[in-house]
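Have a look at the structure below before the remarks.
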Amino acid sequence: MRLNSGGSVAVTLTKSVVFALVTVLAMAALATTISNGSTSSGRTFTALFTDVTSLNKGDDVRMAGVKIGTVQSIGLHHNDTAEVVFTAADSAPMVEGTRAELRFRNLIGQRYIALEPGSPGGEPLRAGYTFSLDETQPALDLTMLFNGFQPLFKFLDPEDVNNLSAQIIAVFQGEGATVESLLSSTASLTSTLADRDQVIGDLITNLNSVLEVVSQRTGMLDTTLVTLQRLVSGLAADRKTLGSTIEGMGELSQSVSGLLEEGREPLRDSIDSLGDVSENLAENDEALTKFLTTMPQKTDQIGRMATYGGWLNFYICSIDGRIPKPEGYYGDLGVDSPAGRCQ
């Protein structure tokens, strides 16, 4: 008996150790995920901005879209400028000419610092270097930007508004890879705008504010135009593939046409059977009317059985039982509930 007891304790202890080890590993993996896998502090730099609204401690610092550090602190510099202290990985190419720009991470207002590297071969920046206002750029003024598109947004679905807004932000932040999707969305909206002259008029009036934002970011606009030229060149290079795709669409149309021809006879039979069903319902009109009339009451009664949740309530009002004996049974045993619902 002692050996069995000792073996049981050993098994229980082993299971407990394994469970604790798995829990610690899971917590470590979760902590690493939350911290975006960053465990190195790297070098520390300071950047001055005219506006850092919605930027928070712990936000990302990215270069070429890759996270290389985090925001360490945010404070005031001479009462009129924001001072941001951030870290950058030792492997990041921090050289002269590097710029720090605030960009939107998503539509709910989260931001991050994007570092635009300087010329290759430039003099490396020492740790603790401070980026002046001439070397930084605040984030887009979304209020001014989207006010210009407000008349257009009124006639779009919420999902379309979110998609178009995200693409507009990405384009004006210089993320040229989204130009193609922005142009696609713009083309799909052309038919919607065709018969809305008043909306177009309001849009043109509000474009003045948008153009002011564009004029402040001519470099980004140049990048957009260059990317658009690359898109057009790519379409021209793939014209044979596009032609083959159009031919394939013709073959698909023929296949769909053949499918409809094959299904025409079964569809006709189904329509004929529908007439028989309607005739049967007409013959049993009285029974059908009675069923439809009493169905709400029955469903209410069934619903009351599940009032307290996704289950049915049953109440035991009485219990009867008998104890078998060698000869017959021993009396009638039972309990009756005095509750009002059982009366």
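In the range 101-129, what count of residues is obtained for those that are among the small types (Gly, Ala, Ser) and in contact (Cβ under 8 Å) with a residue 60 or more places away in the chain? Can you show your working first?
We begin by selecting, within the range 101-129, every residue among the small types (Gly, Ala, Ser); these are 109, 114, 118-119, 121-122, 127-128.
Checking which are in contact (Cβ under 8 Å) with a residue 60 or more places away in the chain leaves us with 127-128.
Number of matching residues: 2.
Of note, residue 113 does not satisfy the criterion of being crowded, with 18+ Cβ neighbours inside 10 Å, out of contact with any Cys (no Cβ under 7 Å at 6 or more places or on another chain) and at pLDDT below 70. Filter the range 16-67 down to the residues that are of a type in the set (Ser, Thr, Tyr), touching a helix residue (DSSP H, G or I) at 6+ places or on another chain (Cβ under 8 Å) and modelled with pLDDT of 90 or more and list them by number. Of everything in the range 16-67, just one residue is of a type in the set (Ser, Thr, Tyr), touching a helix residue (DSSP H, G or I) at 6+ places or on another chain (Cβ under 8 Å) and modelled with pLDDT of 90 or more, namely 50.
Entry remark, the range 69-96: residues being of a type outside the set (Val, Ile, Thr) and under 13 Å from residue 115 (Cα atoms) number 8 in total. Can you spot a residue in the range 276-294 that is closer than 30 Å to residue 339 by Cα and at pLDDT 75 or above? Yes.
Return the residues of the range 46-99 that are in a loop (DSSP other than H, G, I, E, B) and basic (Lys, Arg); say none if nothing qualifies.
We begin by selecting, within the range 46-99, every residue in a loop (DSSP other than H, G, I, E, B); these are 50-59, 64-65, 78-80, 89-94, 96-98.
Selection gives 57 alone.
The values are calculated or read from the model by the stated rules, or taken from the named source; none is laboratory data. Owing to the predicted nature of the structure, the values given are computational and were not obtained by experimental measurement. Backbone-built Cβ (ideal geometry, glycine too); neighbour counts: all protein chains shown.
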